[in-house]
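These notes concern the structure reproduced below.
The values are calculated or read from the model by the stated rules, or taken from the named source; none is laboratory data. In this text the structure is predicted, and so the values were computed from the model without any measurement. Positions of Cβ are generated from backbone atoms using ideal geometry, with glycine treated the same way; all protein chains shown enter the neighbour counts. Accessible surface areas use protein heavy atoms only, side chains included; no ligands, DNA or RNA. Shrake-Rupley method; radii C 1.70, N 1.55, O 1.52, S 1.80 Å.
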Amino acid sequence: MERVGERFCILGAGESGVGAAYLAKQQGYDVFVSDFGAIADKYKEQLQQWNIRFEEGGHTEAEVLAAVEVVKSPGIPEKAPMIKKLREAGIPVISEIEFAGRYTDAKMICITGSNGKTTTTSLTYHILKNAGLNVGLAGNIGKSFAYQVATEKFEYYVLEISSFMLDDMYSFKADVAVLLNITPDHLDRYDYKMENYAASKYRITQNQTAADYFIYCADDAETLKVLEGKDIAAQQLPFSIEQKMEPGAYLDADNLIINVNKQHFQMSINELALQGKHNIYNSMASGIVAKVLELRNETMRESMGNFRNIEHRLESVGKVSGISFINDSKATNVNSTWYALESMTTDVVLILGGVDKGNDYSMLKDLVKQKVKAIVCLGKENKRIHDAFEDDVEVIVNTNSAQEATQVAYHLAEKGDTVLLSPACASFDLFKNYEDRGNQFKAAVREL
């Protein structure tokens, strides 16, 4: 459908916005990109190269409101003044995924959840690619989905999808939907109501038919709570480490078992590349996807055994004086930090803090008592961390740079201990993003 001359506007010129701009231009739209903040140089250069008009440092209302449709960055909240004006004007506001999904017939494997999304998405992509499928990786990870739809001819996509993206997806459909878990995160965007956030996550199943699949964790209380009241059309494939699931995935002693459509797979959990209880769940979810696509067991076993996890997620940085340093900067919520602590086998000096999204630290208390000898706060505002843990650890120190936090943690640790950066908070008070935080930590470890 040619869109010659119709105004199409994109709010936010990050990876997804710039990719959407390219695809819209390719489809014949008159494209305008507007960013309330500054646009990174590399994206400005791309927009100039493609002859796409853009502005930064604010929105020109008349330009934006002249659009027939608007793609917005997932980071822009519903309460932003420009979004309110678009809603009042009745102009549709959609996500980049919704927009790009219109222009591809590829099979969509979509993965969401509060924790483990990036790991599971990366592992699933790794298995599919090694099995020889023509597959792309996109969503919250890698190159923009829209840009790949415009420039590649993939037959499958593995997409990491956040709740913010799902909020602006309407007719998009996942052929295989994966919901890993639902734990309190980003509640500030959902009126501090867990049910609103959970409902958002369940949008991953919208538009699914009986020919599609819904893969979920049967051990996750919040997931089950919402599932009870839902009428899901897709074939359901649960995974559990507590009970036998057929069809689905479960543990039998130390073996991960998957049964789907008369397809059987078995592998010892000791051979999995990803270790720790939470990673068994991630491996189960990826494994079910592989069996739904009828991939061969040998290829699956090989991929699940040789996968290298992503940067900033329980990433080993090395040892100094017998002390291990681990970068888990991607842990931007309490639950992620719980998983990190749960997988630790030594005494821990924990680097915690940043922008607190209304965190409830009580779920960490038991693990902190068992494993953490000292907490190093890395953030501008650390009172809530002190209040939460002053009775559980002897030492809580405030720092305000990655270098200072690393040095203090190093002096508090002894040979055989682990210094774990797993902040449970967003990074925007002192860093550009969690990657910047993790990279500064790694640089500081190298300087010790």
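Pairs are defined by a Cβ separation below 6 Å, a sequence spacing of at least 6 or placement on different chains, a first member in the range 218-232 that is surrounded by fewer than 18 Cβ atoms within 10 Å (Cβ to Cβ), and a second member that is modelled with pLDDT of 90 or more and hydrophobic (A, V, I, L, M, F, W, C); the pairs so defined are 232/214. Of all residues in the range 55-73, exactly one satisfies the criterion of being touching a Pro at 6+ places or on another chain (Cβ under 9 Å), within 17 Å of residue 18 (Cβ to Cβ) and open to solvent by 50 Å² or more (accessible area, probe 1.4 Å), namely 59. Filtering the range 135-155 to residues that are under 22 Å from residue 76 (Cβ atoms) and assigned to a helix (DSSP H, G or I) leaves 145, 146, 147, 149. Counting the residues of the range 315-330 that are open to solvent by 10 Å² or more (accessible area, probe 1.4 Å) and touching a residue at least 60 places away in the same chain (Cβ under 8 Å) gives 9. When residue 158 is tested against (1) at pLDDT 95 or above; (2) open to solvent by less than 10 Å² (accessible area, probe 1.4 Å); (3) not in a strand (DSSP E or B), exactly one condition is not met: (3).
Set side by side, the residues 401, 336, 343 differ, and just one is out of contact with any Phe, Trp or Tyr (no Cβ under 9 Å at 6 or more places or on another chain) and crowded, with 22+ Cβ neighbours inside 10 Å, which is 336.
Return a yes/no flag: does the range 129-147 have any residue that is in contact with a Leu (Cβ under 7 Å, 6 or more places away or on another chain), on the phi > 0 side of the Ramachandran plot and open to solvent by 10 Å² or more (accessible area, probe 1.4 Å). Yes: the range 129-147 contains one or more residues that are in contact with a Leu (Cβ under 7 Å, 6 or more places away or on another chain), on the phi > 0 side of the Ramachandran plot and open to solvent by 10 Å² or more (accessible area, probe 1.4 Å). Identify, from the list 15, 55, the residue that is of a type in the set (D, E, K, R), in contact with a Ser or Thr (Cβ under 7 Å, 6 or more places away or on another chain) and more than 17 Å from residue 99 (Cα to Cα). Among 15, 55, only 55 is of a type in the set (D, E, K, R), in contact with a Ser or Thr (Cβ under 7 Å, 6 or more places away or on another chain) and more than 17 Å from residue 99 (Cα to Cα). Taken as a whole, the range 248-268 holds no residue that is within 14 Å of residue 123 (Cβ to Cβ), open to solvent by 10 Å² or more (accessible area, probe 1.4 Å) and polar (S, T, N, Q).
May I ask you to list the residues in the range 260-286 that are over 19 Å from residue 316 (Cα atoms), in contact (Cβ under 8 Å) with a residue 40 or more places away in the chain and among the small types (Gly, Ala, Ser)? Matches in the range 260-286: 283, 285, 286. Taking the criterion of being modelled with pLDDT under 95 and over 25 Å from residue 43 (Cβ atoms), the residues of the range 113-155 that qualify are 113, 114, 115, 116, 119. Looking only at the range 239-255, residues that are farther than 16 Å from residue 178 by Cβ and not β-branched (Val, Ile, Thr) come to 10 in all. Scanning the range 28-54 for residues that are surrounded by fewer than 18 Cβ atoms within 10 Å (Cβ to Cβ) and closer than 19 Å to residue 68 by Cβ yields a total of 2.
Highlighted here are the strands (runs of 3 or more DSSP E) found entirely within the range 293-407 that include at least 2 residues which are charged (D, E, K, R): 315-320. Quick check on residue 351: is it out of contact with any Gly (no Cβ under 6 Å at 6 or more places or on another chain), surrounded by 22 or more Cβ atoms within 10 Å (Cβ to Cβ) and under 21 Å from residue 182 (Cβ atoms)? Here the answer is no, as residue 351 does not meet what is asked. Only one of the listed residues (82, 108) is hydrophobic (A, V, I, L, M, F, W, C), surrounded by fewer than 24 Cβ atoms within 10 Å (Cβ to Cβ) and not in a helix (DSSP H, G or I). That residue is 108.
In this structure, does residue 97 turn out to be in a helix (DSSP H, G or I), among the aliphatic types (A, V, I, L, M), under 30 Å from residue 213 (Cα atoms) and touching an Asp or Glu at 6+ places or on another chain (Cβ under 9 Å)? So residue 97 fits the description; yes. The residue list 325, 307, 389 contains one member that is within 19 Å of the chain's Cα centre (by Cα) and of a type outside the set (Asp, Glu), which is 307. Inside the range 283-310, residues that are in contact with a Lys or Arg (Cβ under 9 Å, 6 or more places away or on another chain) and either at pLDDT below 95 or open to solvent by 40 Å² or more (accessible area, probe 1.4 Å) (or both) make up a count of 2. For the range 362-376, the set of residues classified as surrounded by fewer than 18 Cβ atoms within 10 Å (Cβ to Cβ) and closer than 19 Å to residue 183 by Cβ consists of 362, 363, 365, 366, listed by residue number.
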